[in-house]
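Notes follow the structure.
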Amino acid sequence: MKKKLKDYFQISFFITLIIISSNFVIAKKNDTLNKDFDEITKMLRCMSCQNLNVYESDTDFSKQIKKEVFDQLKLNKSKEEIVDFMVERYGEYIVLKPRFDGKNLILWLSPFVLIISALLIIIGKMRKNS
Amino acid sequence: MKKIYPKLPLIFTVIIFGFLLYFLTQDKNPSNPPSALLNKQMPKFESNDLIDENYQISGEKFYGKKIIINFFASWCSPCKVEHPLLIEIANNHSDVLMIGVNHKDKKDDAMNFLESGNPYDQIALDKDGKIAMEFGVYGLPETFIINEKGIIVFAYVGPITNKIYEKKIKRLLSN
């Protein structure tokens, strides 16, 4: 009788342990999912609003995008894959901050080129004068 | 050759300003960006017809035909504004297939909306907004013209006006 009770205790202990750890894993996964969801929706522009991201907006468009982002995160798609999916359909305009890629290279590099060019012109002039 | 080195910074500056000036003078409205799908293949879609729900509409069935795809809904006021012009376009270009995409609407409301006239040959139901997402639609109405090869040659956000029809659409549909 005592041995049976001990077995019951051990089994219920292990079951409780499994339930607690699986809950912990689910909670952790949901945390990551929510964090990624917030990050992505903050990166995307609400195209039917003025200067608002999808995260802050509650328009029909933003609700649709939020649903799609959530669905794709649940399918284990990465942040890059989801943003690429959106850019493919809505264009670069949907990304609030222009991405550093081939198409936007001029946009990213032009300020630096302009500053360096200006400095070189000034140095050249100063050398000429001296 | 050595003489050109001191002038390089100036040349770079002029080139960059040239680029910026070119993009600034383009007829672009930053709040109404051009469709990302322009000059690309029409996205695949399948849906039931609004009027005959047993009839399956598939985008692939339209290859080889020139089509107009118009996203609309009964709750969208600008859609009501462009509706008479769409009827006129459908009458003027009977060889062109006009497909309506009824976006997140109630069937009865959509049917009432079409009582004043139906310019569409077929109407696809987009209850969950998935077709709109595939086409990158972000505001109703939106209109696309797709050529015989299935390429999107025109995309417009907002109600079609007579000016737009005369200036852009008429030529594309008549070619």
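The values are calculated or read from the model by the stated rules, or taken from the named source; none is laboratory data. These figures come from a predicted structure and were not determined experimentally. Cβ placement follows ideal geometry from the backbone for every residue including glycine, while neighbour counts extend to all protein chains displayed.
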| query | Hey, does the range A:59-66 have a residue that's within 26 Å of residue B:127 (Cα to Cα) and without any contact (Cβ under 8 Å) to a residue 12 or more places away in the chain? | reply | yes
| field | First in the range B:125-148 and within 9 Å of another protein chain (Cβ to nearest Cβ), second anywhere and small (Gly, Ala, Ser) and crowded, with 21+ Cβ neighbours inside 10 Å, Cβ under 7 Å, 6 or more apart | value | B:136/B:35
| closer than 16 Å to residue A:72 by Cα and either surrounded by fewer than 10 Cβ atoms within 10 Å (Cβ to Cβ) or at pLDDT 85 or above (or both): does that describe residue A:44? | yes
| task | Please find, among A:57, A:78, the residue that is out of contact with any helix residue (DSSP H, G or I) (no Cβ under 8 Å at 6 or more places or on another chain), crowded, with 16+ Cβ neighbours inside 10 Å, more than 10 Å from chain B (Cβ to nearest Cβ) and closer than 30 Å to residue B:130 by Cα. | result | A:57
| Hey, any hits in the range A:113-129 for a residue that's under 20 Å from residue B:33 (Cβ atoms) and either facing chain B (nearest Cβ under 10 Å) or not in a loop (DSSP other than H, G, I, E, B) (or both)? | no
| task | Kindly state which helices (runs of 4 or more DSSP H) lie completely within the range B:25-136 and contain at least 2 residues that are closer than 27 Å to residue B:170 by Cβ. | result | B:77-92, B:130-134
| Candidates A:65, A:82, A:19, A:40 - the one that is assigned to a helix (DSSP H, G or I) and over 26 Å from the mean Cα position of the chain (by Cα) | A:19
